[in-house]
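First, the structure itself, so that you have it in front of you.
The values are calculated or read from the model by the stated rules, or taken from the named source; none is laboratory data. Since the structure is predicted, the reported quantities are computational estimates derived from the model, not experimental observations. Don't worry about glycine lacking a Cβ; one is built from the backbone with ideal geometry, like all the others, and counts go over all protein chains shown. These accessible areas exclude ligands, DNA and RNA; they are computed on the full protein's heavy atoms, side chains included. Shrake-Rupley method; radii C 1.70, N 1.55, O 1.52, S 1.80 Å.
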Amino acid sequence: MASSDEDDEGVPTLVDATGSYVPPELVPAPLSQAEPSSSAAVPVAADQVDAKPVPVTILTGYLGAGKTTLLNYLLTANHGYKIAVILNEFGEGSAVEKSMSVGTEGELFEEWLELRNGCLCCSVKDVGVKAIENLMEKRGRFDYVVLETTGLADPGPIASMFWLDDALCSQVKLDGVVTVMDAKYGLQQLKEERPAHVMNEAVRQVALADRILLNKIDLVSEAERDELRQAVQGINGLAQIVETSYAKVPMDFVLGIQAFDQTKAEAVLAAQQGHTHDDATVRTVTFEQAGPVDERAVESWLEQLLWEGMLDGQAVAGLEVLRAKGVLAIHGQDKRVIFQAVRELYDKTTTSEWEPTEPRITRMVFIGRNLPDGMAESFARNCLHTTA
Ligand SMILES: Nc1nc2c(ncn2[C@@H]2O[C@H](COP(=O)(O)OP(=O)(O)OP(=O)(O)O)[C@@H](O)[C@H]2O)c(=O)[nH]1
């Protein structure tokens with residue numbers, strides 16, 4: 001979870017629908033910020049003292065979109081980073097699999113391959129936080145971990161899991177969700193019909209992404225490319241998009257993106273255009289509200305929406321929020337409060353101060369299925385601070 005250098009800033013509060021609330025006082029200070037111990041009795045390993053959590057990128061994408069191509073590129077490009085790529089199962093005949101020698105390294109890692117540049121590729125059954133921490137205990141720390149969610153149509157639960165653990169001061173933290181799309185078949189995949197109440201996997205992967213690669217751009221015309229780009233932006237108005245051939249992408253587009261860093265979220269939100277797409281079941285809804293809002297009212301409005309699928313006390317059929325971000329201008333608070341949500345889990349963090357003359361504006365972005373009309377009006381009715 002994001003935390004800043006100032007003492008009173010960046011204290012994370014985590015809540016989820018099951019009531020698993022992590023009070024700030026129970027969130028231990030990161031190792032790098034811990035008070036030096038007055039007693040020299042307990043020696044601390046040098047690499048533990050400054051250990052910042054290792055960023056974990058969740059990589060997703062439809063079958064054949066180019067995930068393995070991207071992984072091979074990341075593992076072998078001349079970048080000087082130590083990257084661990086973790087596959088939770090091997091796709092049959094994948095390039096990584098073909099290039100992989102079988103090793104015996106503990107029970108969790110059925111197969112692994114250490115590359116000459118220090119990068120590592122391995123397969124685990126359990127892709128949880130503990131598995132990655134165990135891997136680092138055995139093989140040393142990494143600069144980045146990339147987790148390929150092969151076979152998992154829905155990257156949401158795994159993203160939530162890493163995000164939650166982040167608040168508990170784990171050795172790893174969620175960096176962002178990267179989705180690779182096939183530029184040739186992407187549009188078709190987004191439009192594939194599913195039975196009622198089943199979300200199309202390709203749409204879900206786009207909705208949850210922080211960064212999207214429109215890969216195989218060499219195979220499509222400009223018109224096809226533009227059509228796909230528009231469809232993708234219609235679903236997710238927050239993600240940054242890049243067009244690639246053979247997944248050749250600048251490293252910093254996919255690694256170390258800090259999508260869950262609240263101060264970065266602020267910049268992304270500031271760049272948002274207010275727009276609503278009405279033509280898709282999964283869409284992005286963005287709105288702004290001038291004037292301070294009441295914190296408790298916002299929480300209860302959000303909880304109704306995220307946890308109960310309700311707006312103004314009314315159930316909304318099929319409502320599912322996949323991702324949300326916002327900057328809140330809270331009444332009585334001199335600093336911006338940033339909130340983020342991945343499905344029903346949400347987090348609020350106090351960040352930078354509002355300038356004295358700056359208008360206090362709340363900005364909200366929701367990506368989800370069956371988001372109702374009237375969210376902005378409902379938010380204003382329920383959350384705006386009134387003196388009465
Ligand atoms: N023309 C073209 N082919 C590509 C590009 N990127 C990948 N491919 C090819 O597309 C095929 C699928 O790529 P992979 O990287 O294996 O895709 P994947 O997403 O890992 O596939 P699964 O493991 O089946 O989910 C391979 O034959 C790649 O060589 C590209 O930009 N252009």
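For GLU308 and ARG194 in the same chain, what is the full-extension length gain: residue separation times 0.36 nm, less their Cα-Cα distance, in nm?
So the chain would gain 38.7 nm between GLU308 and ARG194.
A further question follows. Just grab the label-to-label distance for GLU133 and ALA223, each label 7 Å out from Cα along the Cβ direction, in nm (one decimal).
5.5 nm
If we sort 176-183, 246-253, 330-337 on the protection proxy, mean other Cβ atoms within 10 Å, highest first, what's the order?
Values: 176-183: 26.6, 246-253: 14.6, 330-337: 16.6.
So the peptides 176-183, 246-253, 330-337, ranked by packing, come out 176-183, 330-337, 246-253.
If amide H atoms are built 1.01 Å from N in the plane of the peptide, which residues on other chains or at least 5 residues away come under 5 Å of the amide H of VAL54?
Placed amide hydrogens put VAL172, LYS173 under 5 Å from VAL54.
Mind putting a number on the dipole of the range 282-383 about its Cα centre? Charges go on the C-beta only, +1 for Lys and Arg and -1 for Asp and Glu, and I need it in Debye to the nearest 20.
Around 300 debye, computed over the range 282-383.
Let me ask you something else. In whole Å, largest first, what are the principal axis extents of the Cα atoms in the range 299-355?
Dimensions of the range 299-355 along the principal axes of its Cα atoms: 41, 20, 13 Å.
Can you bin every Cα-Cα distance in the range 282-383 into 5 Å intervals starting at zero and give me the percent of pairs per bin, rounded to whole numbers?
2, 13, 26, 27, 18, 9, 4, 1, 0
Separate question: Could you tell me which residue out of VAL321, PHE339, LEU305 lies farthest along the dipole of the range 282-383 toward its positive end? Charges go on the beta carbon: Lys and Arg +1, Asp and Glu -1, centred on the Cα centre.
VAL321
In sequence order, what are the phi-derived ³J(HN,Hα) couplings for the range 210-220 according to the Karplus relation 6.51 cos²θ - 1.76 cosθ + 1.60 with θ = phi - 60°, rounded to whole Hz, with x for glycine and proline?
Rounded to whole hertz, the list is 8, 10, 10, 9, 8, 8, 6, 5, 5, 9, 10.
Could you provide, to the nearest whole Å², the per residue accessible area of the range 282-383 with probe 1.4 Å?
Accessible area per residue: 38 Å².
Ranked by accessible surface with a 1.4 Å probe, highest first, in what order do SER221, SER160 come?
Ranked list, largest accessible area first: SER221, SER160.
For TYR346, which sequence-distant residues (separation of 5 or more, or a different chain) have an amide H within less than 5 Å of its own amide H, given hydrogens modelled in the peptide plane?
Excluding prolines and chain starts, which carry no amide H, the hits are VAL15.
Got the relative contact order for the range 282-383 handy, in percent, Cα pairs under 8 Å and 6 or more residues apart?
Working: 208 pairs, mean separation 41.5, N = 102.
For the range 282-383, the relative contact order is 41 percent.
What nm value, rounded to one decimal, do you get for the distance between ALA317 and GLN230 when each label is placed 7 Å out toward the C-beta?
According to this spin-label approximation, the distance is 2.9 nm.
Extending each Cα 7 Å along its Cβ direction at TYR81 and THR387, get the distance between those two points in nm, one decimal.
About 5.1 nm separates the two model spin labels.
Next up: Suppose R0 equals 56 Å. What FRET efficiency, 1/(1 + (r/R0)^6) with r the Cβ-Cβ distance, do ASP154 and GLU353 give to the nearest 0.05?
Taking R0 as 56 Å, the efficiency between ASP154 and GLU353 is 0.90.
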